[in-house]
Amino acid sequence: MSKPTLEMINSRPDDATLLADEAKYCSFGDTVHYVEPPKIFDGCEGSYMYDKEGKAFLDLQMWYSACNFGYANERLNNVLKKQIDTLPQCASQYLHPTKIELAKTIAQGMEQRFGYQGRVHFNVGGSQCIEDSLKVVRNATGGKSLMFAFQGGYHGRTLGASSITSSYRYRRRYGHFGDRAMFVPFPYPFRRPKGMTAEEYGEHLVAEFARLFETEYHGVWDPKVGQAEYAAFYAEPLQATGGYIVPPRNYFKGLKKVLDQYGILLVVDEIQMGFYRTGKLWSIEHFDVKPDVVVFAKALTNGLNPLGGLWAREELINPEVFPVGSTHSTFASNPLGTAVGLEVLKMTSETDYEKMVMDSGAYFLEGLKTLEKKHKEIGEVDGLGLALRAEICTEDGFTANKALVDKMVDIGMSGDLDWKGNKMGLVLDIGGYYKNVITFAPSLHITRQEIDQGIELLDQLITRAKKEL
Ligand SMILES: Cc1ncc(COP(=O)(O)O)c(C=O)c1O
């Protein structure tokens with residue numbers, strides 16, 4: 001039980017004192033303040049966050065999809081507690097059992113799914129693992145430092161990761177520390193050109209990408225030696241921060257064909273969409289392609305001790321080509337993280353998460369479709385598994401309406417929505433190119449009653465936001 005107790009409530013400073021201290025002592029550079037004042041939470045359990053008064057906030061974003069298996073998941077928390085009592089600390093140069101077992105479980109799973117042998121490499125969080133993957137692909141391609149990535153893609157905010165993340169605002173103040181990726185369009189079905197199906201749009205974008213290699217004058221390929229200037233293509237199979245965009249099913253197959261033809265590696269970023277968010281362990285499994293490198297983090301430990309990693313095909317990462325010391329962090333394969341990660345994979349192998357997530361996702365999407373019919377301002381709802389989106393627009397159902405979605409977030413966080421006579425709140429995350437998309441990442445264990453509650457609260461939220469704007 002992780003709801004705040006009376007003892008907790010009485011023993012901490014009040015919100016006003018904490019907020020004044022935050023304003024004075026905390027760097028704002030490591031956070032984002034979406035609502036003013038920022039909300040302070042004291043507890044969490046299942047699909048809910050709780051504030052100081054014990055008021056419940058239904059959470060439909062689960063720490064940006066880091067807590068796929070519910071807040072304070074008892075089974076995972078117990079593994080962490082047990083590890084604290086056995087081997088909580090161990091320097092990276094020594095081995096401990098769960099590091100090896102976790103690497104083996106992931107690598108064997110990759111071999112079953114994609115048919116390649118490979119190895120697993122750990123680090124502390126998503127961005128750090130992206131950094132390490134950049135070293136792997138640069139090293140494996142003779143030091144090539146140029147990457148392709150998607151417009152609207154997000155791979156983190158460390159220096160290397162922000163050079164392959166499309167938004168200039170993450171680089172603007174700091175100059176360039178590495179080569180900026182070449183950003184190509186991601187197939188965004190809702191905003192595709194008129195007169196094309198989503199699949200035709202996918203094919204069109206693949207053809208446009210392939211055209212880059214037609215002549216040396218497009219600047220990516222030397223036909224005389226048969227070499228691309230680019231090492232790898234970094235891809236989120238569904239764009240996460242970009243707005244939970246589900247690409248047409250044919251797109252990645254077409255793209256991979258071009259990459260294979262010109263010897264460019266495919267690095268798949270599963271940091272937000274991995275661990276059954278979309279109904280598969282890895283979201284790329286929906287698209288029938290075999291990646292060369294897979295990067296993961298977040299839900300590997302259900303948001304407990306930070307741990308991430310990458311898997312790469314054997315020829316890219318075996319110790320002959322990527323030797324000891326190629327990367328290192330004191331906390332890289334920390335035993336608290338690897339113990340929980342191993343339990344996450346055990347847990348997901350014992351239950352049919354694929355069916356559970358696809359069924360709950362279909363039910364949630366049905367609910368969103370009823371709202372779409374009722375409110376002209378919902379331009380599109382879509383999703384894969386429990387990665388769902390609602391695009392909030394003006395009354396024309398297409399023009400992005402950031403003001404309306406911001407109002408919805410504010411009302412949700414104010415905690416005065418009505419649920420059967422009680423007050424409660426709703427936690428939403430916003431993404432998308434125009435910052436107008438509600439990106440839903442609920443707990444994968446969300447119940448039908450909680451989904452019904454979420455749809456009812458969203459209905460109240462949009463109805464009120466329209467009136468108050
Ligand atoms: C797709 C993707 N890649 C990379 C990252 C960066 O991970 P972290 O925030 O753990 O550094 C994120 C974080 O949101 C992400 O969603």
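Laboratory data are not the source of any read-out in this text; all were calculated from the coordinates shown. Model, not experiment: these values are computed from the prediction. Positions of Cβ are backbone-derived with ideal geometry, glycine not excepted, and every protein chain shown enters the neighbour counts.
Annotations for the structure displayed:
- Taking 16 Å as the straight-line reach from the Cα of K290, the lysines in range (excluding those fewer than 8 positions away in the same chain) are K253, K256, K257, K280.
- Long-range HN-HN contacts of A56 with modeled amide H, under 5 Å: G425
- Longest segment of the chain lacking GluC sites (Glu not before Pro) that sit in a DSSP loop with at most 14 other Cβ atoms within 10 Å: 54-213
- FRET efficiency for the pair N78 and R249, taken as 1/(1 + (r/R0)^6) with r the Cβ-Cβ distance and R0 = 41 Å, rounds to 0.55.
- The distance between label points at N318 and L18 comes to 5.3 nm (points 7 Å beyond Cα on the Cα→Cβ vector).
- Whole-Å distance, taken between Cα centres, linking region 114-146 and region 236-293: 16
- Antiparallel %, DSSP beta bridges [both residues in region 78-350], to 5: 50
- Those lysines that a straight Cα-Cα span of less than 20 Å connects to K82, excepting residues fewer than 8 apart in one chain: K99, K346
- Long-range tail of P(r) for region 1-139 (Cα pairs > 23 Å, %): 59
- Distant-in-sequence amide H partners of G118 (H built 1.01 Å from N, under 5 Å): E314
- For the chain, average projected area of the Cα convex hull in nm²: 23.7
- Values of log10 I(q)/I(0), in the order q = 0.15, 0.27 Å⁻¹, for region 5-71 under a Debye, Cα-only, solvent-free model: -0.59, -1.22
- Distance histogram for region 75-192 (every C-alpha pair counted, 5 angstrom bins, percent rounded to whole numbers): 2, 9, 13, 15, 16, 15, 12, 10, 6, 1, 0
- With θ taken as phi - 60° and the Karplus curve 6.51 cos²θ - 1.76 cosθ + 1.60 applied, the whole-hertz 3J(HN,Hα) list for region 193-204 is x, 5, x, 10, 6, 4, 5, 4, 5, x, 4, 4 Hz, x standing for glycine and proline.
- For the pair Y34 and M196 in one chain, pulling the backbone fully straight at 0.36 nm per residue adds 54.7 nm over the alpha carbon distance.
- In this Cβ point-charge picture (+1 for Lys and Arg, -1 for Asp and Glu), the chain has a dipole of about 500 debye about its Cα centre.
- With the simple model of a label 7 Å out from the Cα in the direction of the Cβ, C90 to E7 spans 3.3 nm.
- Here is the list for region 80-186: chymotrypsin sites (Phe, Trp or Tyr not before Pro) lying in DSSP coil, each with at most 12 other C-beta atoms within 10 angstrom of its C-beta, are Y94, Y174, F177.
- Using the Karplus relation 6.51 cos²θ - 1.76 cosθ + 1.60 with θ = phi - 60°, the per-residue 3J(HN,Hα) values for region 287-299 come to 10, 6, 10, 10, x, 8, 9, 10, 10, 9, 6, 5, 6 Hz, with x marking Gly and Pro.
- Pairs beyond 30 Å (Cα-Cα), from K52/K420; K374/K407; K194/K435; K52/K407; K194/K467: K194/K467
- Per residue of the chain, the DSSP helices (runs of n ≥ 4 H) give a summed -39500 (n - 2.57) that works out to -11500 deg cm²/dmol at 222 nm.
- Loop trypsin sites (Lys or Arg not before Pro), region 345-418, which have at most 14 other Cβ atoms in a 10 Å radius of their Cβ (DSSP): K376
- Amide proton proximity set for L238, modelled H, under 5 Å, gap of 5+: none
- P(r) tail, region 78-350: Cα-Cα pairs separated by more than 34 Å, 18% of all pairs.
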